[in-house]
Every structure is written in C-alpha cells, then in structure tokens.
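This report concerns only the one structure given below.
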Amino acid sequence: ASIGMFFNTLYNLTDNWFAGQISDNALVGLSFSSIVFFLFIGLIAGLQNGTAVMVASEVSHKNTSSIKKIIDNAIGVGLVFSCLIIVLGFMFARDALNWLSNETETVVLAWDYIVILLVGNVAFSMNGIAAGVLMALGDTKTNRNTLIIGFFANILLNALFTFGFGFGVAGLALATVIIKSVSAFYLFHTLKE
C-alpha cells in the first residue's frame, strides 16, 4: 500500500512538472485549482475509508449479501456526492479561484484544469470505493498496481494531450480523469472475480 502511495505522489509531481513546462502561470493555476478541487472532493474523501470499514466488519461474518448491499449503497452515495460536487463546483469554484489569485491568465488556466476534474470527479469516487472494498477484503496489491501503472500512463497521456494535441493544462486534467476512470473500471472488475 505504501508503494502505491509513493507512486500516487509521483503522479501528482508529474502533473506539476508538465504544467511547469507549459508556463509559470500554468503551474500556479494547477496549484490553485488543486486546492479548490480538494475542497470539493473532501465530500467523497472519506468514502473509501468508510466503505472499507463497513465491508471489513461484514467480512468477518462472511456475509456476502450484506457486503453487496454496502457496495451498492456506497456507489449510490458516491454518485450523489459527485453530482453535488459538480453543482457546487460550477457555482463556487470560479469565485474561489478569483479569490486565490488576481492574475487573469492564472485563473483562466486554473479553470481550464478544474472544470474537467469537476465533471470527471465521479471517477475519483468510484475508484475510492472499489479500492476501499478491495483493501477490506485484504487485497492491497491490485490498487497498488493500478497506482503504479497509472503513474506511467500519466506520463504518456500528459505528453500526448498537453503537447501532442495542444490541450495545455486541460490535457493534464483529461489524462487524470481517463486514468481514474480506467482504474475504477479495473478495480470493480477485479471485485467481481
């Protein structure tokens, strides 16, 4: 699990490096938008741990039907919170970015990044739920492996979207949403087995 977190940290550093290659304002904008995004994503941050705790308590009783209900409920809560994040994000994120910086170019770049993350935040939610369930079942390797592969995929997709297709900071966010979506799909697929 700690190796996975190490690669997760490298993942974030990769985004910062690519943003710095675009411009100083892009790097600052990425930093601001990350602060604002994490304020919103805090709504679902506890979902992974909460799901893991609830599933772990049922694993000891070998109650598979209850585990399936917990997973279904967690997915439902995750989808509701994701929709709430989208609504709140579009209502308040731009104002928060303007509050953090009075540089117009920085705010525009930050908004280009955060708007994609806001819309794609459901991937973060589903990824966290699946990872929490797997951890509760004693499987930390699958999530670790997705984090390691995600790091290398992030390098490739960042280069492709940012410079190959010329998406700039929006390409960094798009790469993240794609990687989190594929990771969530893979983790849920692993749970079905």
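The values are calculated or read from the model by the stated rules, or taken from the named source; none is laboratory data. In this text, all values refer to a predicted model and were calculated from it rather than measured experimentally. Every residue, glycine as well, gets a Cβ built from its backbone with ideal geometry; the counts of neighbours run over all protein chains shown. With ligands, DNA and RNA removed, areas are computed over all heavy atoms of the protein, side chains included. Shrake-Rupley method; radii C 1.70, N 1.55, O 1.52, S 1.80 Å.
Calculation over all alpha carbon pairs of the stretch 135-175 in 5 angstrom steps from 0 returns a P(r) of 7, 25, 20, 14, 12, 10, 7, 5, 1 percent. Figure note: 135, 54, 126 ranked by solvent-accessible area, largest first, 1.4 Å probe, ligands and nucleic acids not counted: 54, 135, 126. Taking Cα centre as origin and charging only the Cβ of basic (Lys, Arg, +1) and acidic (Asp, Glu, -1) residues, the dipole magnitude of the stretch 12-97 rounds to 340 debye.
Modelled label positions at residue 61 and residue 140, each set 7 Å beyond Cα in the direction of Cβ, lie 2.6 nm from each other. Normalised by residue number, the volume inside the convex hull of the Cα atoms of the stretch 1-69 is 104 Å³ per residue. Across the stretch 166-180, rounded Karplus estimates of 3J(HN,Hα) from the backbone phi angles (6.51 cos²θ - 1.76 cosθ + 1.60, θ = phi - 60°) give x, 7, x, 5, 4, x, 5, 5, 4, 4, 5, 5, 4, 5, 5 Hz, Gly and Pro being marked x. Counting only Cβ charges, +1 for Lys and Arg and -1 for Asp and Glu, the dipole size of the stretch 73-166 around its Cα centre is about 360 debye. Cross-link partners of residue 180 among aspartates and glutamates, defined as those whose alpha carbon lies under 15 angstrom from its own and excluding same-chain residues fewer than eight positions apart: 15.
FRET efficiency for residue 94 and residue 16, Cβ-Cβ distance as r, R0 = 22 Å, nearest 0.05? Please report the intermediate quantities before stating the final value.
On the way: r = 22 Å, r/R0 = 1.00.
Computed FRET efficiency for residue 94 and residue 16 comes out at 0.50.
Placing unit charges on the Cβ atoms only, positive for Lys and Arg and negative for Asp and Glu, gives the chain a dipole magnitude near 680 debye about its Cα centre. Note on the chain: dipole from Cβ charges, positive end direction compared against 191, 150, 179; the farthest Cα belongs to 191. The residues of the chain have, on average, 51 Å² of accessible surface per residue, using a 1.4 Å probe with all protein chains present. When the Cα atoms of the stretch 27-109 are aligned to their principal axes, the ranges along those axes come out at 56, 21, 15 Å in descending order.
Dipole orientation for the chain: of the candidates 75, 16, 168, 75 has the Cα lying most toward the positive pole (charges on Cβ; Lys, Arg +1; Asp, Glu -1). Within the listed set 142, 106, 64, the residue fluctuating most in the Gaussian network model of the chain (springs between alpha-carbon atoms under 10 angstrom) is 64.
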